[in-house]
Amino acid sequence: MADNLDVFDFELAADEMARVNALPRHAYYHVADEASSWIFNEVDADAVQK
């Protein structure tokens, strides 16, 4: 278990930090303000084929 704590015992060099800071800071996905209309459509359970 003590070995697991060693994961926090490291430092990044200046060039590594520069690479991290150069990563895009925008989201990789879009969250709509409102749910799509198909989410609220009622489903007829009898019509769904199993």
| Label point distance in nm, residue 43-residue 19, each placed 7 Å from Cα along Cα→Cβ | 4.5 nm
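Contour minus end-to-end for residue 8 and residue 31, with contour as 0.36 nm per residue of separation and end-to-end as the Cα-Cα distance?
Length difference between fully extended and current span is 5.0 nm.
Laboratory data are not the source of any read-out in this text; all were calculated from the coordinates shown. In this text the structure is predicted, and so the values were computed from the model without any measurement. All Cβ positions, glycine included, derive from the backbone under ideal geometry; neighbour counts span all protein chains shown.
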